[in-house]
Amino acid sequence: MTKKNISIRNLEKEDLSSIVDIEERVTGVARKKYWEKRIEISEAIRPHWASLVAELENRVVGFIFGRAGELEFGLPGTVAWIEIIGVDPAFRNQGIARQMVESFAASAEDHGINTIFTLVDHAQPEMDQFFTRLGFARGKMLHFQKEVG
């Protein structure tokens, strides 16, 4: 089996409908207004390299939203965060998410960032395994939460 030619590029406003479609295929919910805001915020305050899409034959088949932050949570220097990653279910298990994370990591490194964080839900062990395969390890920070209301 030959590897398909997947290209990774910076996310653009025009990718909105593809992102909404991918999320709907994954979750059954379409949140156009939410994604419009996410893209708007991404373009306004985040480095352009931190939000990416994966294309296969001119079709968006995956996306990643990330950011960079300085001195957050008491961490020294600048770190990068992977906040949301999605791949069209019809194109999973083809290395698309891996390529997007690798591209994100390379861009972070190009910008002098040496540490990347993400959060993984215990209810999604496949995400834990995915990030572990890519060289991520459990960090030293603790996650706290409080239910309100």
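The numbers here are math on the coordinates, done by the rules we state, and not lab data. None of these values were measured; they are calculated from a predicted model. Cβ sites come from the backbone with ideal geometry, for glycine too, and all protein chains shown count toward neighbours.
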*Normalised by the residues of the stretch 53-95, what does the relative contact order come to in percent, with Cα pairs under 8 Å and at least six apart?*
35
*Could you grab the relative contact order for the stretch 1-68? Cα pairs under 8 Å, six or more apart, rounded to a whole percent.*
39
*Once every Cα of the chain carries one equal point scatterer and solvent is ignored, give the base-10 log of I(q)/I(0) from the Debye formula at q = 0.15, 0.16 Å⁻¹, two decimals.*
-0.84, -0.96
_the stretch 7-133 - percent relative contact order, Cα under 8 Å, separation 6 or more_ = 22
*What fraction, in whole percent, of alpha-carbon pairs in the stretch 31-111 exceed 15 Å separation?*
60
*Evaluate the charge dipole of the chain about its Cα centre and quote only its size in Debye, nearest 20, assuming +1 on the Cβ of each Lys and Arg and -1 on the Cβ of each Asp and Glu.*
240
*Please name which of SER51, THR27, LEU71 has its Cα lying farthest along the dipole of the chain towards the positive end, using unit charges on Cβ (Lys, Arg +1; Asp, Glu -1) and the Cα centre as origin.*
THR27
